[in-house]
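S.K.: Quick one: the structure is below, and I'll ask about it shortly.
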Amino acid sequence: MTRRLRSLVLLLAAMVLAGCASADKNQPATAASANSKASKSGTTSAMNMNMGSSTVAAELPAKINGVPAPVPSKVLATTNWQGMKIEARTMTPATFIVYNGTTERYVRPTKHTSFHLMVMLNDEHTGEPIPYASVWAQILDSSGKVVYSEQQWPMLSAYMGPHYGNNVALPGPGRYKLELVISPPVAARHLEYAHVWLKPHKVTENFTWNPES
């Protein structure tokens, strides 16, 4: 009886030891699986963060096709015409291309170019650019002499969006008067633009030009 009991105890002890060993073997695998999942989760999160960063960076690139972003400098005039927001501002002189449907002509600033004039026409409610208009700009000095009178080209820009612009050369620093003539957009219109912008509109604003400021 004693021998039988001793055999039974030894058998039970062997079974307990075998169970512990099996649990120890499974534990590293479970931990490894958890670590693997955590690692994969961390990698995915990092990838998402990197993609987000590159997306933000892509929204404001320093260069597009090798062309650096221009530097806006001074707002010359801001007004509203029947729901059209009109803003005239200067930026660094720019090289641009005039395309007439057949050929390209480069327009490059000279050493006398003071700034690139941008005229933005936007819907005051939505901010959407308003195309198909025409803009003429004239600048007079303090004595009333016309020192600049040019068409503003309808322009495309990856940085500023659609606008009307041209390079301007002023005789020097001083007080000037900007006169803009905005001609109505010539296009079919949806009803929200019915009965507006039907005649040329003139904008006049005085400004001081100082290249050093």
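S.K.: When both residues are 6+ apart or on different chains and their Cβ atoms are under 8 Å apart, which pairs have a first residue that lies in the stretch 168-194 and is assigned by TED's automatic domain parsing to the domain that holds K145 and farther than 17 Å from M120 by Cα, and a second that is surrounded by fewer than 12 Cβ atoms within 10 Å (Cβ to Cβ) and among the acidic types (D, E)?
M.R.: Close Cβ pairs satisfying both conditions: P173/E212.
S.K.: Still on this model: Among the listed residues T126, T90, identify the single one that is loosely packed, with under 15 Cβ neighbours inside 10 Å and either under 30 Å from L198 (Cβ atoms) or touching a Leu at 6+ places or on another chain (Cβ under 7 Å) (or both).
M.R.: Exactly one residue qualifies, and that residue is T126.
S.K.: Of the residues S149, S143, which is small (G, A, S), over 16 Å from T204 (Cβ atoms) and at pLDDT 95 or above?
M.R.: S143
S.K.: Right, L180: over 20 Å from P109 (Cα atoms) and surrounded by 17 or more Cβ atoms within 10 Å (Cβ to Cβ) or not?
M.R.: yes
S.K.: Can you go through K85, K111 and tell me which one is basic (K, R) and modelled with pLDDT of 95 or more?
M.R.: K85 is the lone residue from the list that is basic (K, R) and modelled with pLDDT of 95 or more.
S.K.: Y159 is checked against (1) exposed (fewer than 13 other Cβ atoms within 10 Å of the Cβ); (2) of a type in the set (S, T, Y); (3) touching a residue at least 60 places away in the same chain (Cβ under 8 Å) and fails just one. What number does that condition carry?
M.R.: Looking at each condition in turn, Y159 falls short on (1).
S.K.: Do we have K74 as surrounded by fewer than 17 Cβ atoms within 10 Å (Cβ to Cβ), out of contact with any Cys (no Cβ under 7 Å at 6 or more places or on another chain) and at pLDDT below 95 here?
M.R.: Yes, satisfied.
S.K.: Could you say which residue among L140, L117 is out of contact with any Leu (no Cβ under 6 Å at 6 or more places or on another chain), in a strand (DSSP E or B) and either over 17 Å from T78 (Cβ atoms) or of a type in the set (F, W, Y) (or both)?
M.R.: Only one candidate qualifies: L140.
S.K.: Let me ask you something else. I'd like the full set of residues that are closer than 27 Å to V186 by Cα and of a type in the set (F, W, Y), limited to the stretch 89-148.
M.R.: Answer for the stretch 89-148, where residues must be closer than 27 Å to V186 by Cα and of a type in the set (F, W, Y): F96, Y99, Y106, Y132, W136, Y148.
S.K.: Whether any residue in the stretch 173-181 is in a loop (DSSP other than H, G, I, E, B) and more than 22 Å from V67 (Cα to Cα) is what I want to check.
M.R.: Yes, the stretch 173-181 contains at least one residue that is in a loop (DSSP other than H, G, I, E, B) and more than 22 Å from V67 (Cα to Cα).
S.K.: Which one of the conditions (1) more than 19 Å from R189 (Cα to Cα); (2) among the polar types (S, T, N, Q); (3) at pLDDT 95 or above does S157 fail to meet, given that it meets all the rest?
M.R.: Unmet for S157, out of (1) more than 19 Å from R189 (Cα to Cα); (2) among the polar types (S, T, N, Q); (3) at pLDDT 95 or above: (3).
The values are calculated or read from the model by the stated rules, or taken from the named source; none is laboratory data. No experiment lies behind these values; they were computed from the predicted model shown. Methodologically, a virtual Cβ is constructed for each residue, glycine included, from the backbone with ideal geometry; neighbour enumeration extends over all protein chains shown.
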